[in-house]
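Notes for the one structure printed next.
The values are calculated or read from the model by the stated rules, or taken from the named source; none is laboratory data. On a predicted model such as this, the values are computed, not experimentally measured, just so you know. Neighbour counts are summed over all protein chains in view; Cβ atoms, including those assigned to glycine, are modelled from backbone coordinates with ideal geometry.
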Amino acid sequence: MEFDVQLKESIKEVENILEEFLPKGKDIPKIIIEAMEYSLMNGGKRLRPILLIEAAKCVEGDKNKVLPLACAIEMIHTYSLIHDDLPAMDDDDYRRGKLTNHKVFGEGMSVLAGDALLNYAFEIMLTHIPENYKEMMNYLKAVKEIAYAAGIQGMIGGQVKDLEYKEGVMDLETLQYIHIHKTGALIKASLRAGAIASGATKEQLKVLTVFGEKIGLAFQIVDDILDVIGDQKKLGKAIGSDQKNHKITYPSVYGLERSQQMIEKLLQEALNHLKLFGSKGQFLGELGKFICKREY
Ligand code: GRG
């Protein structure tokens, strides 16, 4: 099957499950469900849940058993975007071509929608713990992996540094810390969680970890480049925000050409590692290429 078709099918599959997992119930105020759904079902690329599912497939895990983890990671990602768009953070009006959550629901409700998605992600994961002891232990280790990557040692840590340096001059070491933690950590955790929950061997886990690290960093360099030369229509948001906010980025330090060469090098190294999985890793490899060559 062609990659584009397969990707569309995977996105559809993730979206169906997200719909299924969304909270329902008379006792929940309708507005919070609407605010959560507005951003969660708003056309994301669904990269993290697909990476998680594909990592499970690479190690011959049961896809159905990792679906709660895949949905949870997309909910955590969505919460981070909602909060990142708030006036107290990046103050953005548009995401994926549509008004940001707080522009529609107001700042207070938007904070709560982010909180609710984060909390609900853990509720879903903990509601679906397998009963078999070995599977349960692997699954709980995967939940911990996600918690760690989303927290102060991961995404929040990266966002904290980003916020701290908003006004000041950042050095390259800090830029790398931010990239690795703010975006890289959740991408790496998607792969590791899918593998760990599916009982990966040490060697398999190592390969998927390195693949995740390389693709995670490449993802962020692409993001930096798109902020300089991206197509606003395709991106669904304005470009040039890094320059406007005097942020140092890969293109501002290394230039566009060298940044692009770095992405290519990271991609090739990531793909080399995947060889361990043979044809089972083929779609994951294509996904890596898509991430490195994306235009949105
Ligand atoms: C608020 C705790 C907290 C963290 C925010 C990830 C993050 C940390 C902020 C996002 C800021 C940002 C736009 C970073 C660039 C990289 C990134 C995460 C882009 C969006 O991810 P995609 O391209 O998004 O996977 P879609 O729209 O496809 O879901």
*asked:* I'd like to check something: does segment 268-290 contain any residue that is modelled with pLDDT of 95 or more and over 19 Å from residue 57 (Cα atoms)?
replied: yes
_segment 118-177, subset hydroxyl-bearing (Ser, Thr, Tyr) and more than 27 Å from residue 241 (Cβ to Cβ), residue nearest to the ligand (Cβ to nearest atom)_ = 148
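Matching residues to (1) surrounded by 17 or more Cβ atoms within 10 Å (Cβ to Cβ); (2) of a type in the set (A, V, I, L, M, F, W, C); (3) in contact with a helix residue (DSSP H, G or I) (Cβ under 9 Å, 6 or more places away or on another chain):
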residue	(1), (2), (3)
131	no, no, no
137	no, yes, no
143	yes, yes, yes
197	yes, yes, yes
*List the helices (runs of 4 or more DSSP H) that sit entirely inside segment 64-179 and contain at least 1 residues that are under 21 Å from the mean Cα position of the chain (by Cα) and free of Cβ contacts under 8 Å to residues at least 12 places away in the same chain.*
107-127, 133-150, 155-164, 172-178
*Looking only at segment 20-45, which residues are within 16 Å of the ligand (Cβ to nearest atom) and either within 14 Å of residue 68 (Cα to Cα) or among the polar types (S, T, N, Q) (or both)?*
39, 42
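Condition check ((1) within 24 Å of residue 144 (Cβ to Cβ); (2) in contact with a Gly (Cβ under 9 Å, 6 or more places away or on another chain); (3) among the β-branched types (Val, Ile, Thr); (4) crowded, with 24+ Cβ neighbours inside 10 Å) across all residues:
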position: 18; (1), (2), (3), (4): yes, no, no, no
position: 44; (1), (2), (3), (4): no, no, no, no
position: 57; (1), (2), (3), (4): yes, yes, no, no
position: 88; (1), (2), (3), (4): no, no, no, no
position: 97; (1), (2), (3), (4): no, yes, no, no
*Quick one: in segment 235-256, which of the residues that are out of contact with any helix residue (DSSP H, G or I) (no Cβ under 9 Å at 6 or more places or on another chain) and over 20 Å from residue 177 (Cα atoms) is surrounded by the most Cβ atoms within 10 Å (Cβ to Cβ)?*
237
*Those residues that are assigned to a helix (DSSP H, G or I), closer than 29 Å to residue 269 by Cα and in contact (Cβ under 8 Å) with a residue 24 or more places away in the chain, I need them from segment 228-249; list them, please.*
228, 229, 234, 235
*Return yes or no: is residue 35 closer than 27 Å to residue 280 by Cα and surrounded by 16 or more Cβ atoms within 10 Å (Cβ to Cβ)?*
no
